[in-house]
Amino acid sequence: MSTNWLQEEAQIALERLLPRITPLFADSNLYPQFLDRARRYFPLAFENLYKVYSGRYDFFYHLEQILLTTAHKFLKRSKALHQLDSLREANPNWFNAPDRVGGVCYVDLFAGDLAKLHKKIPYFKELGLTYIHLMPLYAVPEKNNDGGYAVSNFREVNPKLGTMHDLEILANEMRKNGISLVMDFVFNHTSDEHEWAKRALAGEKRYQDYYYLFPNRSLPDRYEKNLREIFPDQAPGNFTYI
């Protein structure tokens with residue numbers, strides 16, 4: 001398939017979807033900005049999604065849900081974030097500026113919790129950091145959580161670290177100080193406590209499709225012969241029996 005064909009199909013799909021989006025902006029003056037971005041970025045999203053999911057019968061439904069969700073979140077975006085969006089659009093290579101310096105840390109190992117990390121902002125500024133990348137801080141099992149990567153709920157902060165409100169306060173304060181907050185979003189990795197995993201184990205086909213499931217060890221054992229082990233000492237192998 002050609003890129004031109006995909007771009008044409010993306011434009012057709014967008015024109016068919018926009019009538020579902022327009023009414024959401026009835027009481028807002030933000031529609032021109034949203035429409036401009038949709039026309040610029042939807043074709044790229046469509047192309048990448050099409051390459052992976054076009055074989056699904058419900059592909060167009062998911063396109064619609066993505067666009068609806070994007071519109072809803074766009075409308076809820078704060079004035080400060082809309083202003084930041086405009087500044088970055090005016091300078092699309094902002095992240096390549098020579099003064100952009102990043103740091104990465106685990107909240108608990110570096111500061112203890114989100115409230116204490118908040119107090120580190122002056123130190124970050126002293127270091128000249130302009131973005132902070134926080135390693136996974138979501139709700140996880142007490143044990144076997146793979147350093148925070150085996151997530152139980154992407155919509156909750158680990159109670160030991162704080163709350164979603166604490167995270168919002170931290171993000172806002174960092175932004176005021178010229179620091180962008182970056183989150184490690186690992187939606188390709190869940191714990192067995194996650195709703196998707198529980199429903200997969202309960203036999204729901206839709207959620208079983210989110211994981212690699214095998215009737216016995218024969219195929220996983222063949223994979224193991226060539227797969228690189230990430231944590232050979234703490235968690236040898238790549239497949240676990242549940």
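Which one is right for this structure if Kirkwood radius over Cα pairs in Å is calculated from it: [x] 19.4; [y] 17.8; [z] 21.5?
From the options [x] 19.4; [y] 17.8; [z] 21.5, the structure gives [z].
In nm, give the distance between the simple-model label positions of Arg217 and Ser28, each being 7 Å from the Cα along the Cα-to-Cβ direction.
The two pseudo-label positions are separated by 5.3 nm.
Please calculate how many Å² of accessible area the chain carries per residue, with a 1.4 Å probe and no DNA, RNA or ligand atoms counted. Show your work: numbers first, answer last.
Numbers: 16680 Å² over 242 residues.
Heavy-atom accessible area per residue stands at 69 Å².
Between Val182 and Arg155, with labels modelled 7 Å along Cα→Cβ, what's the label distance in nm to one decimal, could you check?
A separation of 2.8 nm, rounded to one decimal place.
Which entries in Lys51/Lys76; Lys73/Lys119; Lys76/Lys120; Lys79/Lys125 show an alpha-carbon gap greater than 27 Å?
In this structure, Lys51/Lys76; Lys73/Lys119; Lys76/Lys120 lie more than 27 Å apart at Cα.
For an R0 of 22 angstrom, estimate the FRET efficiency from the Cβ-Cβ distance between Arg228 and Leu109 and round to the nearest 0.05.
The pair Arg228/Leu109 has a calculated efficiency of 0.30.
Roughly how many nanometres apart are two label points built 7 Å out from the Cα toward the Cβ at Gln83 and His118?
2.1 nm
Suppose only helical runs count, i.e. DSSP H with n ≥ 4. What mean residue ellipticity at 222 nm does that imply for the chain under -39500 (n - 2.57) per run, divided by all residues and rounded to the nearest 500 deg cm²/dmol?
The helix-only estimate for the chain comes to -15000 deg cm²/dmol at 222 nm.
With all protein chains present, how much of the accessible area of the chain (probe radius 1.4 Å) comes from carbon and sulfur, to the nearest whole percent?
Values: 8990 of 16680 Å².
That fraction is 54 percent.
The values are calculated or read from the model by the stated rules, or taken from the named source; none is laboratory data. Here the structure is a predicted model, which means the values were calculated and not measured. Because the Cβ atoms are built from the backbone with ideal geometry, glycine has one as well, and the counts that use them run over all protein chains shown. For accessibility, only protein heavy atoms count, side chains too; no ligands or nucleic acids. Shrake-Rupley method; radii C 1.70, N 1.55, O 1.52, S 1.80 Å.
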